[in-house]
Amino acid sequence: MYAIVDIAGHQFKVEKDKKLYVNRLEGDEGSEFELANVLLVDNEGAISVGTPNIKDAVVKARILSHLKGDKVLVFKKKRRKGYQKLNGHRQYLTRIQIEDIVL
């Protein structure tokens with residue numbers, strides 16, 4: 001059984017006990033929360049598609065940790081002009097574990 005869920009504007013395919021990284025969510029480490037934006041559910045071949053969401057379908061998840069992602073370097077250069085610019089950032093992420101998919 002799997003589901004496609006909208007988390008903070010991004011769509012993820014989730015299964016029970018799957019761990020994934022999403023954009024930073026509010027909440028303490030170890031706290032549980034529910035995701036109500038379930039777009040699709042596959043229950044052993046029986047596919048349910050929402051319009052846009054499936055009513056009464058909920059995905060339960062737990063926050064494992066808050067962390068920062070890998071550094072991304074952005075380098076800009078204009079040739080023959082002497083212009084160089086180096087910029088970088090690290091994205092704030094949350095690691096979650098899917099506890100259950102409830103229909």
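For the pair SER48 and ASN23, the difference between a 0.36 nm per residue extended length and the Cα-Cα distance amounts to 6.4 nm. Pairs of lysines in region 14-86 whose Cα atoms sit within less than 17 Å of one another amount to 7, provided the residues are eight or more positions apart or on different chains.
Extending 7 Å from the Cα toward the beta-carbon at both SER31 and ALA8 defines two label points whose distance is 1.4 nm. Expressed as a whole percent, the proportion of Cα-Cα pairs in region 20-72 lying more than 16 Å apart is 55%. Taking packing as the residue-averaged number of other Cβ atoms within 10 angstrom, the listed peptides 51-59, 66-74 run from highest to lowest as 51-59, 66-74. Each Lys and Arg Cβ is given +1 and each Asp and Glu Cβ -1; about its Cα centre, the chain then shows a dipole of about 1700 debye.
When you work out D = kT/(6 pi eta Rh) for the chain at 25 °C and 0.890 mPa s, using the Kirkwood radius from C-alpha pairs as Rh and the Stokes-Einstein form, the result is 157 µm²/s.
Any read-out appearing in this document is the output of simple, stated calculations on the displayed coordinates, not a laboratory observation. As the structure is a prediction and not an experimental result, all values here were calculated from the model. Cβ coordinates were reconstructed from backbone atoms using ideal geometry, including for glycine residues, and neighbour counts include every protein chain displayed.
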